């Protein structure tokens with residue numbers, strides 16, 4: 001089947017899946033969990049092939065680690081599925097209702113988006129997570145995983161397809177793409193695919209965003225900042241900056257640039273450096289920083305760089321406003337934190353920093369769907385529309401308006417024979 | 001100033017405007033209303049120039065009518081502004097809140113999108129409506145109106161700029177673009193502009209959608225359907241179809257295709273035709289239709305065409321499912337209505353028709369922000385993400401996450417020294 005047929009089938013399936021009831025979707029999720037447990041030896045075998053081949057190809061060790069799908073991953077994904085079953089069905093919820101006129105009732109009802117294209121990194125457990133989120137939210141999904149996980153992904157997609165079709169979920173709702181050409185084809189199919197979620201390197205995400213007319217949910221860069229305000233608790237500021245930078249460096253919510261108010265710089269910077277050099281963090285700073293501590297010079301390029309590594313750029317600013325300007329100029333709208341004891345500055349910072357996540361007195365590393373309590377996340381979005389910040393099930397839904405009349409026609413309102421009431425009601429949509 | 005500077009200024013202004021308080025925004029709206037009243041003679045004079053020139057250029061009479069900005073338009077836009085002042089501020093509302101852990105509170109708070117680019121049709125009152133909606137929702141706006149209204153638009157934009165800046169709204173928040181080249185430049189500025197709302201001809205909207213990486217909110221086609229189910233009340237069905245087709249033909253929510261269940265066709269079609277020929281509606285039909293009534297043959301092209309005129313295509317279908325398939329294949333996801341007395345069929349139709357607006361026993365012409373009671377609308381969206389159907393103030397908002405801690409770091413949760421509570425709270429965000 002070529003990719004156009006695949007996408008067309010997914011679209012057809014999505015129409016039926018949108019109307020699948022909660023019980024059927026939960027039963028299908030239960031079947032997936034059962035079948036993963038039952039066929040786990042097949043998964044391990046396929047995964048071993050992927051790992052052996054990748055070792056031969058000298059895949060980097062952190063990637064090898066993420067590729068691994070073992071007994072503990074099986075219990076992890078099954079427990080994830082069980083939590084998902086427990087969650088309320090997000091589809092079919094009446095979000096608002098009003099009586100337009102006697103006998104003419106308007107309802108805004110949540111519904112799936114349709115067909116989601118997901119391009120994900122090497123972790124094969126992401127395939128299970130994403131496709132079960134799509135199933136619970138009633139969306140079809142086209143999945144493109146990393147080449148290194150191809151065998152594991154195939155068997156997992158196969159299991160999910162078998163499990164769901166066996167209970168009556170429409171065939172075609174989940175499909176695996178395997179080549180980069182498929183992805184390029186997918187980017188053009190705005191007639192069948194409604195949303196693309198790319199997870200991967202910055203360059204790749206940027207490529208997707210620039211080469212598709214389909215809406216893209218996600219982020220390219222994660223250039224996050226900590227700003228230490230004057231009067232901040234020095235010990236707290238050091239702990240937060242060290243955590244934000246070093247708790248895990250290879251992720252989008254790690255801090256890349258530290259902004260320090262000049263009034264606190266002399267007390268704070270030497271203390272920070274004492275703590276952070278222990279972690280082998282390379283430091284670069286602006287001229288004012290270098291007058292206080294001995295670090296290399298930061299270039300203009302540093303403020304725009306997501307290091308994803310043990311490296312931190314430092315800039316001294318005169319005011320909260322200068323910190324905000326710097327963040328809005330060089331940041332990526334991801335996550336930025338102020339460490340301060342001054343409520344007025346905090347309020348200014350949280351209102352004016354134009355990022356999806358603005359924090360006060362805590363680490364930027366909290367910016368994450370699991371830590372936010374969303375159960376699971378499809379990604380973190382730096383978009384300005386639809387969904388922003390960590391995105392859970394909610395981001396896979398939209399709504400439709402359902403209007404129920406008794407023969408109402410517009411001519412009666414145009415002629416003023418009738419007038420609208422527009423009364424907010426609090427009714428569930430039930431026929 | 002070139003368009004890049006204009007957009008950059010708008011972006012800078014949007015940051016401050018996002019933090020403008022309700023009282024300031026409402027005061028600015030009040031000033032706009034006052035200044036329009038005060039300077040209305042200037043508006044009328046500019047509008048006369050536009051109308052005189054357009055008459056010389058033989059602009060079509062419906063367009064000339066829409067171009068007119070007279071005393072009654074003044075009271076209309078002023079009363080629109082006064083209603084907008086009465087509406088609650090949509091910015092800064094806490095949409096959800098939870099306690100992640102003791103002292104670590106997460107809030108989802110509504111905020112403006114940022115910079116909106118609006119391209120609108122000949123009506124100059126649309127300029128006032130759109131810019132005041134953007135102001136109330138805290139967004140900067142770049143406006144491109146029709147060439148025929150250039151003088152009226154200039155004076156209106158000038159008044160709005162003067163009125164708002166006089167009370168302290170940041171300069172640059174509203175700016176008028178005047179050339180098609182400006183629009184083409186705007187489409188490339190995804191670093192400064194967050195959302196484009198095009199209102200105009202289908203070809204134009206499609207051109208915008210295909211030529212920008214910026215998110216576009218709106219619709220190209222409005223191919224709406226009525227489906228008359230078996231067992232439908234014939235008289236009601238005729239009234240609804242006549243209203244849906246003829247109440248106002250030049251608009252996106254007028255019906256273009258009528259689907260009729262074969263079991264009701266022989267009773268319904270002759271009765272409909274008797275009523276609808278009075279309105280000079282040209283009819284084309286499928287083969288089965290032509291066996292019952294004497295109409296011209298419909299081609300494949302007819303099912304895909306938004307006539308925006310006194311023309312209706314008719315197709316006889318075997319079942320609700322066939323009607324749904326037809327709509328999902330040829331429709332534009334705008335508005336579709338079922339006329340039926342069978343709840344099961346209605347439920348199937350409303351769940352499976354993949355349109356922003358699905359109606360039961362009422363005219364497709366109700367699909368409109370004013371009729372829905374949204375006060376005003378920025379457009380009707382056939383998008384599958386962000387906002388769908390008629391879009392009011394809500395569509396101009398997104399949210400940011402605000403996280404408030406007391407020195408919380410992620411290392412404590414990674415080491416299991418602390419665990420998350422994830423308790424839903426019902427707290428307003430207040431520092």
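The values are calculated or read from the model by the stated rules, or taken from the named source; none is laboratory data. Since the model is a prediction, treat every value here as computed from it, not as a measurement. Every residue, glycine as well, gets a Cβ built from its backbone with ideal geometry; the counts of neighbours run over all protein chains shown.
Summary of values
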{"quantity": "Residues located in region A:91-123, provided they are modelled with pLDDT under 95, surrounded by 20 or more Cβ atoms within 10 Å (Cβ to Cβ) and over 26 Å from residue A:18 (Cα atoms)", "calculated": "A:122, A:123"}
{"quantity": "For residue A:271: the one exception among (1) closer than 23 Å to residue A:325 by Cβ; (2) touching a helix residue (DSSP H, G or I) at 6+ places or on another chain (Cβ under 7 Å); (3) surrounded by 13 or more Cβ atoms within 10 Å (Cβ to Cβ)", "calculated": "(1)"}
{"quantity": "Residue match in region B:139-162 (condition: outside any strand (DSSP E or B), under 22 Å from residue B:369 (Cα atoms) and at pLDDT 95 or above)", "calculated": "yes"}
{"quantity": "Residues located in region B:332-353, provided they are in contact with a strand residue (DSSP E or B) (Cβ under 6 Å, 6 or more places away or on another chain) and outside any helix (DSSP H, G or I)", "calculated": "B:334, B:335, B:336, B:337, B:338, B:339, B:353"}
{"quantity": "Wholly within region A:8-77, helices (runs of 4 or more DSSP H) carrying at least 2 residues that are more than 23 Å from the chain's Cα centre (by Cα) and modelled with pLDDT of 95 or more", "calculated": "A:22-38, A:40-56"}
{"quantity": "Positions within region B:196-213 being surrounded by 15 or more Cβ atoms within 10 Å (Cβ to Cβ) and either without any contact (Cβ under 8 Å) to a residue 12 or more places away in the chain or not assigned by TED's automatic domain parsing to the domain that holds residue B:184 (or both), in sequence order", "calculated": "B:207, B:209"}
{"quantity": "Yes/no for residue B:8 being under 18 Å from residue B:157 (Cα atoms) and touching a residue at least 24 places away in the same chain (Cβ under 8 Å)", "calculated": "no"}
{"quantity": "Yes/no for residue A:339 being within 20 Å of residue B:409 (Cα to Cα) and within 32 Å of the chain's Cα centre (by Cα)", "calculated": "yes"}
{"quantity": "Some residue of region A:295-310 being over 24 Å from residue A:329 (Cα atoms) and touching a helix residue (DSSP H, G or I) at 6+ places or on another chain (Cβ under 7 Å)", "calculated": "no"}
{"quantity": "Residue count for region B:323-353, restricted to those that are within 23 Å of residue B:391 (Cα to Cα), surrounded by fewer than 23 Cβ atoms within 10 Å (Cβ to Cβ) and more than 9 Å from chain A (Cβ to nearest Cβ)", "calculated": "1"}
{"quantity": "Residue count, region B:393-412 (criterion: more than 7 Å from chain A (Cβ to nearest Cβ) and free of Cβ contacts under 8 Å to residues at least 24 places away in the same chain)", "calculated": "1"}
{"quantity": "Subset tally (residues that are assigned to a loop (DSSP other than H, G, I, E, B), at the interface with chain B (Cβ under 7 Å from one of its Cβ atoms) and under 13 Å from the mean Cα position of the chain (by Cα)) for region A:354-372", "calculated": "3"}
{"quantity": "The lone exception for residue B:88 - which of (1) more than 23 Å from residue B:252 (Cα to Cα); (2) modelled with pLDDT under 95; (3) more than 14 Å from every other protein chain (Cβ to nearest Cβ) it fails", "calculated": "(3)"}
{"quantity": "Matching entry among A:288, A:279, A:245 (being touching a residue at least 12 places away in the same chain (Cβ under 8 Å), within 29 Å of residue A:200 (Cβ to Cβ), in contact with a strand residue (DSSP E or B) (Cβ under 8 Å, 6 or more places away or on another chain) and outside the structural domain of residue A:207 (by TED's automatic domain parsing))", "calculated": "A:245"}
{"quantity": "Filter pass, residue A:378 being at pLDDT 95 or above and either more than 10 Å from every other protein chain (Cβ to nearest Cβ) or surrounded by 22 or more Cβ atoms within 10 Å (Cβ to Cβ) (or both)", "calculated": "no"}
{"quantity": "2 or more residues within 14 Å of another protein chain (Cβ to nearest Cβ) and on the phi < 0 side of the Ramachandran plot: qualifying strands (runs of 3 or more DSSP E) within region B:200-301", "calculated": "B:224-228"}
{"quantity": "Looking only at region B:414-431, and only at residues there that are within 23 Å of residue A:255 (Cβ to Cβ) and within 7 Å of chain A (Cβ to nearest Cβ), the one that is surrounded by the most Cβ atoms within 10 Å (Cβ to Cβ)", "calculated": "B:420"}
{"quantity": "Residue list for region B:104-137, filter: over 20 Å from residue B:94 (Cα atoms) and in a strand (DSSP E or B)", "calculated": "B:115, B:116, B:117, B:118, B:119"}
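Residue-wise test of (1) part of a helix (DSSP H, G or I); (2) within 20 Å of the chain's Cα centre (by Cα); (3) modelled with pLDDT of 95 or more.
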| residue | (1), (2), (3) |
| --- | --- |
| B:165 | yes, no, yes |
| B:169 | no, no, yes |
| B:181 | yes, no, no |
| B:187 | yes, yes, no |
